[in-house]
Each structure stands twice: as C-alpha cells, then as structure tokens.
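Some notes on the structure that comes next.
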Amino acid sequence: MVIDFHTHIFPDEIRNNREKYFFSEQSFELLYRSSNSKMTGVDEIIESMDKTGVDMSVVFGFPWNSTETYEKHNDYIIDSVSKYPDRLRGFCCFDMFNENASNEVERCIEKGISGVGELAVYRSGIDDEALKKLEPVMGICFKNDLPIMIHTNESLGHNYAGKTPVTLDQIYKLIKSFPENKIVLAHWGGGIFFYNLLKREMKNTLKNTYFDTAASPFLYDSNVYRFAMDIVGREKILFGTDYPLLNPDRYFKEFESIGLEENDLEYICGKNAAVLLKI
C-alpha cells in the first residue's frame, strides 16, 4: 500500500475566492497570493491518486487564524474522508495561537479525525510562547494516541514562500518538550535528523519522531533518502508529497534514480504510515 502522508485540499469557496482571505490571514497570503500556488479539492486528489498509484492520502487544510475559517476547512476534510473512506485519512489544522485550538481538536476527534497538522508558525519561529500554546493540543493528542505534524524547514539555504525563521535549537526543544508524543516533522525536520549521529541524548530524544519527505525534490539532493535511512532508520521516514505542490511521480522517479530497494520503499511509502494511522 502506498500512502501519501502530506497533502493539502481546499473547499471550492476558498479556492475560488482566495483574495477574500488575504487581509485577515497574512500567512495564507504569503503562501497563496501567487496564482502559481496550486490549490486543489478532494475529487482532484482522488483522480491524481488513481493516476499515480497512491492508495491512500492524509489530507489537511491550513493553519487559519479565524475560528470560523478553520472549522469550515476542517469540516471539509472530515466530509472528504467520509466521501472516500477507503482512500483518505484526515488531520485537523488551525493556528496554534487561537484560543479555541484545543476545543477544535476535541471536536474533530469526535468526528473521526486521524491526527493534527500541519501546524505552522510562518512568521516566527517555534519559540517558548508557541510551545506553551501547543501544550494542551499535545496533551489531547497523547491521550488519544494521535500523531501531530509540525511544519519545519532548514534554517540555511535559499529563501522561499513559507520558509519560517525556525531554528534547529527550537525544533529540538519542541521534541524534548513533548517526548512521548508521536511527532511528524514535515520537510525532513529541517535536517535535524542528521544529529541522530551524536552519541549522547539525541537518539533517545528522537525516539517518537518521524520525518516526512514533503517538498524534498525542491530542497534536498536525492541521496537524502539513503542518508536518512542510515541515520534514523527506514521506520522513521514517511512518504509525503505536499500535493499539489508536487506530484507523486516526481518522488517515484527519485526513488528509482538512486535505486532504493523494494523492501525499503515498502516501509517509507506505506508501512510506517499505516502504523501511525492504525490501518
């Protein structure tokens, strides 16, 4: 089974009126002001999955500031999963600084959500204030044994829309603050997995941390898959495309180009996700 662990879908109302949200949602404007920033809906992702051989996708929305907007978007995710229960699993998403965030997690759990994410702080790093805001959400996820996905990115290199000022130290502090939570760090965790080579502390700290491959062809040399398997193990890597930013075929071509073995691909592209999603 091939599972794409990182995809975004939007309801028609938002897709057809994105400018409406720019004034009050600065992070959304940052990522989606350009007409080249793709937005897709549930039927389109199912069509793409059929064409590319993806059996199941984890779908989520955007970390909106507005309670009304994130509730509407999360309801769309829940409805999409209900429409395609054998093809989709849904995560709920919101701005972690919203005072109603923990209530939203509880509401979505009652409706069958499979996790939380992709949570992001686009205009600041994951500082102490952000960690404090995350505490109740992390507590709920732990109690219900649900994974939570956090947006991370490399702190060096070229700039691009959506690249946050998060540091490796902040990412490390995040993991250490919630050591028993099942945390998925998007976009290879900003490269923090390389530090699993340290002899002390790091291996135990990262014991419940997973790394998705979202946007990897834009960010890393294709050999990153081999290095990651050697450093953290194939059991900690989750195939994620960031669809519709990138199509699954782009990743499959990279896998083929570096000659990843079928057994390794089974873990990266499906088995690990199945464990987290309890499939």
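When segment 119-133 is filtered for residues that are in a loop (DSSP other than H, G, I, E, B) and not small (Gly, Ala, Ser), the ones remaining, listed by number, are VAL121, TYR122, ARG123, ILE126, ASP127. If you check ARG226 against the conditions, is it touching a Phe, Trp or Tyr at 6+ places or on another chain (Cβ under 9 Å), surrounded by fewer than 23 Cβ atoms within 10 Å (Cβ to Cβ), within 18 Å of TYR195 (Cα to Cα) and not polar (S, T, N, Q)? It is false that ARG226 is touching a Phe, Trp or Tyr at 6+ places or on another chain (Cβ under 9 Å), surrounded by fewer than 23 Cβ atoms within 10 Å (Cβ to Cβ), within 18 Å of TYR195 (Cα to Cα) and not polar (S, T, N, Q). Say we look at segment 143-163 and pick out the residues that are surrounded by fewer than 21 Cβ atoms within 10 Å (Cβ to Cβ) and hydroxyl-bearing (Ser, Thr, Tyr); which of these is nearest to ALA273 (Cα to Cα)? Filtering first and then ranking leaves SER155. The set of residues in segment 134-167 being more than 17 Å from GLY190 (Cβ to Cβ), touching a helix residue (DSSP H, G or I) at 6+ places or on another chain (Cβ under 8 Å) and in a loop (DSSP other than H, G, I, E, B) consists of ASN144, LEU146, PRO147.
The helices (runs of 4 or more DSSP H) located wholly in segment 236-278 that include 1 or more residues which are within 19 Å of PHE218 (Cα to Cα) occupy 248-257. Residues in segment 168-202 that are of a type outside the set (S, T, N, Q), part of a loop (DSSP other than H, G, I, E, B) and in contact with a helix residue (DSSP H, G or I) (Cβ under 8 Å, 6 or more places away or on another chain): 4 in all.
Among the residues of segment 228-259, write down those that are in contact (Cβ under 8 Å) with a residue 60 or more places away in the chain, more than 20 Å from GLY90 (Cβ to Cβ) and touching a helix residue (DSSP H, G or I) at 6+ places or on another chain (Cβ under 7 Å).
ASN247, ASP249
When segment 164-207 is filtered for residues that are surrounded by fewer than 17 Cβ atoms within 10 Å (Cβ to Cβ) and of a type in the set (D, E, K, R), the ones remaining, listed by number, are ASP169, LYS173, LYS176, GLU180, LYS199, ARG200, GLU201, LYS203, LYS207. Annotation note: of TYR70, TYR32, the sole residue that is in contact with a Phe, Trp or Tyr (Cβ under 7 Å, 6 or more places away or on another chain) and either without any contact (Cβ under 8 Å) to a residue 60 or more places away in the chain or more than 19 Å from LEU245 (Cβ to Cβ) (or both) is TYR70. Exactly one residue among TYR267, TYR220, TYR251, TYR210 is under 16 Å from MET149 (Cα atoms), of a type in the set (Phe, Trp, Tyr), at pLDDT 95 or above and buried (at least 18 other Cβ atoms within 10 Å of the Cβ), and that residue is TYR210. The residue of segment 55-96 that is farthest from THR40 (Cα to Cα), among those that are hydroxyl-bearing (Ser, Thr, Tyr) and under 18 Å from the mean Cα position of the chain (by Cα), is TYR70.
Anything in segment 203-227 that is free of Cβ contacts under 8 Å to residues at least 12 places away in the same chain and either touching a helix residue (DSSP H, G or I) at 6+ places or on another chain (Cβ under 9 Å) or in a loop (DSSP other than H, G, I, E, B) (or both)? List them, or say none.
Correct list: LYS203, ASP221.
Restricting the search to helices (runs of 4 or more DSSP H) fully inside segment 8-118 and requiring at least 2 residues that are surrounded by 17 or more Cβ atoms within 10 Å (Cβ to Cβ) gives 26-32, 42-52, 67-83, 101-110.
The values are calculated or read from the model by the stated rules, or taken from the named source; none is laboratory data. Note that the coordinates shown come from a computational prediction; the quantities given were computed from them, not determined experimentally. Cβ sites come from the backbone with ideal geometry, for glycine too, and all protein chains shown count toward neighbours.
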